[in-house]
Amino acid sequence: MAETYCPDCKRCTEVVFDHSAGDTVCYECGLVLEAHSIDETSEWRTFANESGDNDPVRVGGPSNPLLTDGGLSTVISKPNGAQGDFLSSSLGRWQNRGSNPDRTLIQAFRTIATMSDRLGLVATIKDRANEIYKKVEDLKSSKGRNQDAILAACLYIACRQEDKPRTVKEICSVANGATKKEIGRAKEYIVKQLEVEMGQSMEMGTIHAGDFLRRFCSHLGMTNQAVKAAQEAVQKSEELDIRRSPISVAAAVIYMITQLSDDKKLLRDISLATGVAEGTIRNSYRDLYPYASRLIPTSFAKEEDLRNLCSP
């Protein structure tokens, strides 16, 4: 109960909210101070079939502008065993027989959501991937292609555009069997199709080694001091003319930092955590080795440690 001024009692008094009628009533004299007020809070109700389940859910799902009906169409649920009546069962079968123009999109959005959850991606990336797939589907040119690769490529492009890039190998790990080569081809196909449709080049975002570094370090269980040193080294490496991919540079920096720390990591473990081949890490490390004194922070390694750093 709250307090407000009652003109009948001529003083501030407690009031009672009648949510069913939308009235605000004086607790002392019963005067209706406000009638038909609107409750703007979220409406939570329990729609569970079993009486023991008290999990409240919203009255409806969010709308989806990418679907024809906004994703708010009525779906007839299946009956619960022998307790379900024949009418609902028959209506459910007839509904399944009907043509749903958004059936393919709904299934694709579910697959993208599953991949996003497995990678721990935020909702904005998932929504961007859905938009990209919707554009590709509207072009009607992906028929006959590997749909798992198409969906994975949409998610890869969305990560790039949202400045949260993932490696193709990371996307491949959740792509329902699609290979790296298939995802790469699907990515090139989608970009080409959308660029023709838009009449301009498609922005993909620039990849930096720092975009992957913290995640790789977390997989390897590196200390905070080593992670900070690796981040500083990666930032300095961008000033150098190192003609290696950002992922390879990140892996080589991690290898260099771990060689200078007490908790050394095997090259094999770094390769598994980063998805970069051991030979590629060695070659990238060879390119970075001459600049070790410029890359490694003095607070992390002394000049004597740098001199004793293993040559490639």
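The values are calculated or read from the model by the stated rules, or taken from the named source; none is laboratory data. Keep in mind that this is a model prediction, so the values were computed, not measured. So basically every Cβ, Gly included, is an ideal-geometry build from the backbone, and we count neighbours across all protein chains shown. Quick note on the areas: whole protein, heavy atoms, side chains included, nothing else; ligands and nucleic acids left out. Shrake-Rupley method; radii C 1.70, N 1.55, O 1.52, S 1.80 Å.
Of the residues making up region 1-22, those that are exposed (fewer than 12 other Cβ atoms within 10 Å of the Cβ) and of a type in the set (A, V, I, L, M, F, W, C) are MET1, ALA2, CYS12.
If the condition is being open to solvent by 20 Å² or more (accessible area, probe 1.4 Å), touching a Gly at 6+ places or on another chain (Cβ under 9 Å) and closer than 25 Å to CYS172 by Cβ, then region 218-264 contributes PRO246, ILE247.
Scanning region 164-192 for residues that are open to solvent by 60 Å² or more (accessible area, probe 1.4 Å), assigned to a helix (DSSP H, G or I) and more than 19 Å from LYS126 (Cα to Cα) yields LYS180, LYS181, GLU182, ARG185, GLU188, LYS192.
Yes/no matrix, rows are residues, columns are (1) touching a residue at least 40 places away in the same chain (Cβ under 8 Å); (2) closer than 21 Å to VAL276 by Cβ:
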position: PRO165; (1), (2): yes, yes
position: VAL168; (1), (2): no, yes
position: CYS172; (1), (2): no, yes
position: GLU197; (1), (2): yes, no
position: SER201; (1), (2): no, no
position: ILE207; (1), (2): yes, yes
position: LEU213; (1), (2): yes, yes
position: MET222; (1), (2): yes, yes
